[in-house]
Amino acid sequence: MGLPQRFILVLLSIYLYSASVVNTQQEFKIQSVKLIIEPRNDVTAGTNVTLRCQATVSTSTEKGPIREYTILKNDKIVYTKTIGSSEDFVYQLHNARVFSTGLYQCKLDIQGDTKLSKAQRLNVQGLSQPVLHLEMNVVNEGEEVQATCIAPGEIGSFIFFFFDNDEQMSRVEGLSNQAKTTFRLSSGGIHKIHCSYKIRTAEDTFPSTKSNNVTVSVKELSITPVLKISPDSTIYEGDHLNISCSAQNFHSSSEGYKLFLSQGTKLLRTGNSTINHNMVAVPKVSEALTFDCRVEMRNVEKYTKKAISVVELFSVPSLTMFPTEIFQGEIMTLTCNSERFASQRINREDLEYTLYPSKNLPSSGKPGVFNVKALQNDFNYTCSAEAKGIKKDSKTLMIRPKVHVSALKISIEDKVILKKSITILCQSNGSLPINYTLFKDNVQVGTKVIRERNRQAVFMDVINKPGEIQYRCEAKNSLHSNKTGSSQHLSVNVIVPLSLMTLTVIPTPLAISEGEDLRFICSVNGTGPVTFKWYRTGSAVPLQTNTTTETYSSFVIKPVSKNDSDKYYCEASNGANKVRSENVDVQVLMALWKKMLIIVACLLLLSVLLLVASMLYIKSKRVKVDRAEVSVWSKRKPETESDDEISKMSNEPNVEYTEVVHARSTDPDRVPLRKGTDTVYSELQNSPHGAADPPDYVSNLHSHTHLQTSLVGLLAREHVSLFITVIIRLRSCL
Ligand SMILES: *[C@@H]1O[C@H](CO)[C@@H](O)[C@H](O)[C@H]1NC(C)=O
Ligand SMILES: *[C@@H]1O[C@H](CO)[C@@H](O)[C@H](O)[C@H]1NC(C)=O
Ligand SMILES: *[C@@H]1O[C@H](CO)[C@@H](O)[C@H](O)[C@H]1NC(C)=O
């Protein structure tokens, strides 16, 4: 065979090999896995239980693949088996026990392909009754007894309990279904012993029933403790006591025992035979003395107790002071005294008192009474009473000498204004508490107790009448001594708020002429000092400021000029308030010589005017005569009451009206008119069309020049009114 042929052969063999592998590879699919518990899920203990695992597997060949079954209980593997057939896998639980209770599952694994069945719960019920065995049925008190408790047929994790007359004695844990324990029965008589157990599973604990009762008869140990205390009559403090603790043994066996003697919780002595203890009786506050004698034999303990009360020989002394408050350097009396004493044993004179520290003044002679001078600072004293070798100390008495009040000061916080509340402060040095009393004009106003350091006594008061008031403070910090601190008198002037302000101007404000002195007088009610300020309205700067103790003040403008015409007011203030006057209007008139000058000038002007007017009049008369015509003036004059007309006209303000009234009144046919502007006005409208008007009069009226008419009218009718007007104007301008 050549090389190519060999190569082909190798290739062919590789191909054939791979093909054979594919052919022998079996194909399968696990369709389902099911767990069945037989005979049923809930069984009683002792039942033979079968866990049947049914699997449906589809395969490509007749012969099925190798199958691996696993049984799980509560997710833990219990059993695993591999089988080659397609039969159900069966797992037997012979004689099922409560411990078998749990959640079971079956798992099928074929060449790494696995399927888990649904879980099935197996419930096994019924624990077997425990059985108790005891070694002995008759024992001595304190002897050890061994007991065994068995849970027949059970498996699992156990806790065993042993009971003596239904009282639990011991407890044993283990995996075995039986437990041993030893115990001693401490009291004589019949004891009923039983046991029970519990089985613990992963999920739960199951208790068994009680076991049989086993009766044990206990023979009592005939040994008793004996406690003797002497003397057995009333025991007084300081008496010597003898206490003995022993055992009475009726057995009279040579067996040893041990004795213990205690007082309360304090172990006094131990011994193998009678114990004797000597002591001095000391009373216990609110408690009797208790002694305890105990005997111990074969792990059995017996005891007896006795309580005795001890009568105090004398009570604990108390230290008191008199007086109860003391000032620095003063003498006080300290008394040390035991209130009660046992007269059966001692006399009052047997008590000896001592004061600590013992730096005191010559003795008072009485036992327990000491004279002491109070120091400058706090001091602690104690005393003791002693009799028959017993010494008792008093409680500490702390003495805090007081300091008398001094440097008492009084002050007032605010301005003292009538009917306003004021605050008065009193303060002093000295021990607290200090009582302060305020007096107003020697009448008590109030009392304040100050308990904190650096505090002032604060009093409130209101003064309702003006004038001077005197305040005074008193301070007291001693109940017994009459020593009081008194402050200086504090005099205060009551400020009465300002009111009723008047501003007077002299001379009268409307009739003052230039050059005169203008005086403003401002006055108020209230108390001084008062500050007065004068203002011209519109200016915030006072013209003058005066502070005076009086309640009035004045301000003068000297001399006054026309420019000083204005409104003025004044303001007054004291410590209490500020008031303002009304405005006063001041009109400064022209000076008299100026007035005269103007009058003279006016008269001069008037006379010039009169002169001119009369000249014009004369001239016009001459013209009329020349023309030989009836003048308006001359024609009218005889007809009407010209004087009335004139006077009436002079009152009329409008000159034109005057003219029109004239035109009307010349009409002879007309009824004389009522006076009244409206009527006159209607006539005025009619007159231009009036057919009754005489033509000559009209022509007359028009033929005159205007100048003539007005001048004549002015001069003739209004010269009087004009003159009056001028005078008025002059006056007013003055
Ligand atoms: C349980 O099976 C055992 C043997 O496997 C047998 O001896 C016993 O009788 C069976 N118990 C019951 C209740 O069938
Ligand atoms: C007095 O005794 C009290 C306690 O009882 C103590 O606080 C104080 O400091 C003592 N005073 C003096 C002056 O020893
Ligand atoms: C101070 O005043 C209170 C109460 O008004 C009173 O009880 C106390 O005795 C007074 N103390 C003195 C030292 O006067």
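The values are calculated or read from the model by the stated rules, or taken from the named source; none is laboratory data. Values in this document were obtained by computation on a predicted structure and should not be read as measured data. Neighbour counts run over all protein chains shown; Cβ positions are idealised from the backbone, glycine included. For the accessible areas, the whole protein counts, side chains as well, though only heavy atoms, and no ligand, DNA or RNA atoms are used. Shrake-Rupley method; radii C 1.70, N 1.55, O 1.52, S 1.80 Å.
A few points about this structure:
- With respect to the conditions (1) over 30 Å from E167 (Cα atoms); (2) in a strand (DSSP E or B), G238 falls short on a single one, namely (2).
- Candidates N48, N95, N41, filtered to the one that is at positive phi and either more than 16 Å from ligand 3 (Cβ to nearest atom) or open to solvent by 40 Å² or more (accessible area, probe 1.4 Å) (or both): N95
- Of all residues making up region 530-558, the number that are open to solvent by less than 80 Å² (accessible area, probe 1.4 Å) and more than 60 Å from the chain's Cα centre (by Cα): 3
- Which numbered condition R345 fails, given (1) more than 12 Å from F314 (Cβ to Cβ); (2) more than 13 Å from ligand 2 (Cβ to nearest atom); (3) not in a strand (DSSP E or B): (1)
- Region 362-379, residues that are buried (at least 16 other Cβ atoms within 10 Å of the Cβ) and either within 16 Å of ligand 2 (Cβ to nearest atom) or in a strand (DSSP E or B) (or both): V369, F370, V372, A374
- Number of positions in region 266-297 that are of a type in the set (V, I, T), over 12 Å from P225 (Cα atoms) and touching an Asp or Glu at 6+ places or on another chain (Cβ under 9 Å): 2
- Conditions (1) surrounded by fewer than 18 Cβ atoms within 10 Å (Cβ to Cβ); (2) of a type in the set (A, V, I, L, M); (3) closer than 30 Å to K180 by Cα: number failed by V90: (3)
- Which numbered condition V300 misses (of (1) open to solvent by less than 70 Å² (accessible area, probe 1.4 Å); (2) closer than 16 Å to K228 by Cα; (3) touching a Ser or Thr at 6+ places or on another chain (Cβ under 9 Å); (4) not basic (K, R)): (2)
- Residue tally, condition exposed (fewer than 13 other Cβ atoms within 10 Å of the Cβ) and either modelled with pLDDT under 90 or farther than 20 Å from S406 by Cβ (or both), over region 441-452: 4
- The listed residue being surrounded by 15 or more Cβ atoms within 10 Å (Cβ to Cβ), within 16 Å of ligand 2 (Cβ to nearest atom) and assigned to a strand (DSSP E or B), out of T335, T354, T382: T382
- Scanning region 52-73 for residues that are open to solvent by 50 Å² or more (accessible area, probe 1.4 Å) and outside any strand (DSSP E or B), we see that the one that is modelled with the highest pLDDT is I66.
- Pairs meeting the criteria (first residue in region 374-391 and under 15 Å from P317 (Cα atoms), second residue β-branched (V, I, T) and within 16 Å of ligand 3 (Cβ to nearest atom), beta carbons under 7 Å, at least 6 apart or on different chains) are lacking.
- All of L438, L408, L432 fail the test of being assigned to a strand (DSSP E or B), modelled with pLDDT under 90 and away from ligand 1 (no atom under 16 Å from the Cβ), apart from L408.
- Residue within region 423-432 that is within 38 Å of the chain's Cα centre (by Cα), open to solvent by 60 Å² or more (accessible area, probe 1.4 Å) and within 16 Å of ligand 3 (Cβ to nearest atom) present: yes
- There is no residue in region 411-420 that is away from ligand 3 (no atom under 16 Å from the Cβ), open to solvent by 60 Å² or more (accessible area, probe 1.4 Å) and at pLDDT 90 or above.
- Residue check, E255 touching a strand residue (DSSP E or B) at 6+ places or on another chain (Cβ under 6 Å) and within 18 Å of S186 (Cα to Cα): no
- Selection status of L227, surrounded by 13 or more Cβ atoms within 10 Å (Cβ to Cβ) and assigned to a loop (DSSP other than H, G, I, E, B): no
- K391 falls short on exactly one of the conditions (1) at pLDDT below 90; (2) outside any loop (DSSP other than H, G, I, E, B); (3) surrounded by fewer than 14 Cβ atoms within 10 Å (Cβ to Cβ); (4) not polar (S, T, N, Q), and that condition is (1).
- Pairs linking a residue in region 38-62 that is more than 20 Å from L93 (Cβ to Cβ) to a residue that is basic (K, R) and more than 16 Å from ligand 2 (Cβ to nearest atom), with Cβ atoms under 6 Å and 6 or more positions apart or on different chains, are S58/K29.
- Residues of region 570-597 that turn out to be touching a strand residue (DSSP E or B) at 6+ places or on another chain (Cβ under 8 Å), of a type in the set (A, V, I, L, M) and not in a strand (DSSP E or B), as a count: 4
- Per-region count, region 459-502, residues open to solvent by 60 Å² or more (accessible area, probe 1.4 Å) and within 16 Å of ligand 3 (Cβ to nearest atom): 7
- In region 125-137, the residue that is most open to solvent (accessible area, probe 1.4 Å) out of those that are at pLDDT 90 or above and assigned to a strand (DSSP E or B) is H133.
- Residue count, region 273-301 (criterion: over 60 Å from the mean Cα position of the chain (by Cα) and in a strand (DSSP E or B)): 13
- Per the conditions (1) in a strand (DSSP E or B); (2) more than 60 Å from the chain's Cα centre (by Cα); (3) surrounded by 12 or more Cβ atoms within 10 Å (Cβ to Cβ), the sole criterion not satisfied by I190 is (3).
- Residue within region 504-512 that is more than 16 Å from ligand 1 (Cβ to nearest atom), at pLDDT 90 or above and open to solvent by less than 30 Å² (accessible area, probe 1.4 Å) present: no
- Among the residues of region 70-95, the ones that are within 16 Å of ligand 1 (Cβ to nearest atom), closer than 28 Å to T59 by Cβ and not β-branched (V, I, T) come to 2 in all.
- For region 138-173, a residue qualifies if it is surrounded by fewer than 16 Cβ atoms within 10 Å (Cβ to Cβ) and at positive phi, and the qualifying residues are G153, N165, D166.
- The residues in region 101-120 that are within 30 Å of I199 (Cβ to Cβ), open to solvent by less than 10 Å² (accessible area, probe 1.4 Å) and either within 16 Å of ligand 1 (Cβ to nearest atom) or part of a strand (DSSP E or B) (or both) can be counted, and the count is 3.
- S211, sole failed condition from (1) crowded, with 20+ Cβ neighbours inside 10 Å; (2) in a strand (DSSP E or B): (2)
- Residues (over 12 Å from Q129 (Cα atoms), open to solvent by 20 Å² or more (accessible area, probe 1.4 Å) and touching a Ser or Thr at 6+ places or on another chain (Cβ under 9 Å)) located in region 193-208: R200, T201, E203, D204, F206
- Boolean, S573 is surrounded by fewer than 17 Cβ atoms within 10 Å (Cβ to Cβ) and among the small types (G, A, S): no
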